[in-house]
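The values are calculated or read from the model by the stated rules, or taken from the named source; none is laboratory data. Please read these numbers as outputs of a predicted model, since none were measured by experiment. Here the Cβ positions follow ideal geometry from the backbone for every residue, glycine too, while neighbour counts run over all protein chains shown. When the accessible area is computed, the model is the full protein with side chains, heavy atoms only, and any ligands, DNA or RNA have been set aside. Shrake-Rupley method; radii C 1.70, N 1.55, O 1.52, S 1.80 Å.
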Amino acid sequence: MAVPTARDPPVLSQLKAKRDTPLEWQPCGDGRECSSLSVPLDYADPSVGEAVLSVARLPASSTEGSKGILFYNPGGPGDGGVRHILGSTGSKLQDLTGGVYDIVSWDPRGVGNSTPAIQCFDSVEERDTFMTTSIGTSVINTGFNFAPYFWRDPHALAEFKALEQPLDRGLAMLDERCQAKSGDALKYIGGTVIGQYLLGMFPEKVSRMVLDGVVKVETWAGPGHLRWRPAVQQTDALLRAFTEVHLLSPPSHSLPPLANSHVPKEKCAQAGPSRCPLSSTASDILAAHDDFLAHAAEQGVAGPTRSAVYGALYRPLKSWAGLAERIARGTWEKDGGDGDWGEEENPSPAERVRQELQFDFQAISCGDAADPSATTKDVLDEIVSLSVSTSPRFAQSWDPSFMCHRWQSRAVERFTGPWTTTKPAFPVMLVSTELDPVTPLINAANVQQVLGYSARLVVQEGYGHGSNGGGPSRCTASAIHKYFVDGKLPEAGQTYCELDEHDWFPPRK
């Protein structure tokens, strides 16, 4: 979330001319307004045409009027902001910030209803046929079907490395397909870590910014196949936290101890069978999880099963009970007792089909990556190395960045830093949970260390991706509210915020 200042760097002069003509806002339901904004595909070469961005806003509700605009971007890559503003997120942000801002978001280029759209197939059926019949691309479709600790088995390791040639051919075929379908549009797609890009490119444009769940941006701008390493630094530890009382500790010696982080957190092993059907020793619960994935590998569905487990780590309060139920049953099929597995904003059936056909995730991920120099062998070697050293259970998850060495297009205006040479106009607020499955706390701590007094770090108790995934915390909400409404900063250094609830395993229905 960010609030801009009034100054315009010269590089934005082309966009300023368009901005002088107000957007034509139209009602689009429940107090929301929608519009579109045309921007150059390439600011250095206007002749190549324009992108049309879909935009939505929720006007300020305060009787005193609006203090200005608060821009919201949900992350991704490939997640548009419009559907969030039209859904419940807009109202939540308005409540969080006192109703004094117009809450505005947009679908970035190639995402949602913005153009150019990035498609590689005309229908879901065509895509599925290609993925299942083309050599190697079935690996992309299902993920790597290997059990945890597969590298300990010489036969499984050999089978994994034997994927090199078919996977390489499949990735090349997919790139050719996307190039033929979307062509030059692929060159104008990129930019997912928007907050840190804005800080690096136009720090003087930021008067307020909250970064919640911080990406290691230097790695993001590097070779695609190396991005997974910083992302899964805490993922296996988070799975262990699911099983047992986990005494949280800083992920690096560079982080000072967190106040109250010694508080025990009750997990499956302590919850008892009335709350967690796996209730046993922590080691037995982990073994049950590993057996669960091994069985999925035998069925050829370890990839999507692992992805579903990984997704459950994003929102523990909503998902851990269901995760335990499914592991206990030995199947990922859902029944009525599995708890809430819905998204924050559920798309319509038509929207879901559109999302399945758009390759915006791949286009943005690879458009931001360094020029391709790695090989498919390098990708597989990195996955094995990461499995051995860091994440034996999640390193072999399929990440779209693993295909970037075969995705030939790169964004024509790809930003590579520097990221923090100029301090922002107002200190930035960084937010992280103690254990995050994809944006570990150490990332936020490193950004704070670089920015110094120009950043404040709020560490929210517990687990999950970002403070929203971690669960409700009046302390975190209050800090964000005071920051945006009153301009009041948290204490220098780190502020520790406790959760409002800790019921990861409520009584079973």
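Tabulated data for the structure shown
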| quantity | calculated |
| --- | --- |
| Share of carbon and sulfur in the accessible heavy-atom surface of the stretch 11-114 [1.4 Å probe, %] | 52 percent |
| 1.4 Å probe accessible area per residue over the stretch 369-509, in Å² | 37 Å² |
| Rough spin-label spacing in nm, given labels placed 7 Å along Cα→Cβ, for Ala180 and Ser62 | 5.6 nm |
| Net length gained if the chain between His502 and His481 were fully extended (0.36 nm per residue, minus Cα distance) | 5.3 nm |
| Set Lys67/Lys216; Lys267/Lys482; Lys267/Lys488; Lys423/Lys488; Lys92/Lys181; Lys67/Lys423 screened for pairs whose C-alpha atoms are more than 28 Å apart | Lys67/Lys216; Lys267/Lys482; Lys267/Lys488; Lys92/Lys181 |
| Cα-centre dipole for the stretch 385-438 with unit charges at Cβ (Lys and Arg positive, Asp and Glu negative), debye to 20 | 220 debye |
| Highest-first arrangement of 434-444, 486-496, 283-293, where packing means the average Cβ count within 10 Å | 434-444, 283-293, 486-496 |
| Placed amide H near Thr495: partners under 5 Å, 5+ positions off or other chain | Leu457, Val458, Val459 |
| Cα-centre dipole for the stretch 385-509 with unit charges at Cβ (Lys and Arg positive, Asp and Glu negative), debye to 20 | 420 debye |
| Residues whose placed amide H lies under 5 Å from that of Gly462, excluding near-sequence neighbours | Glu434, Leu435 |
| Share of Cα-Cα pairs in the stretch 449-509 lying beyond 12 Å, as whole percent | 70 percent |
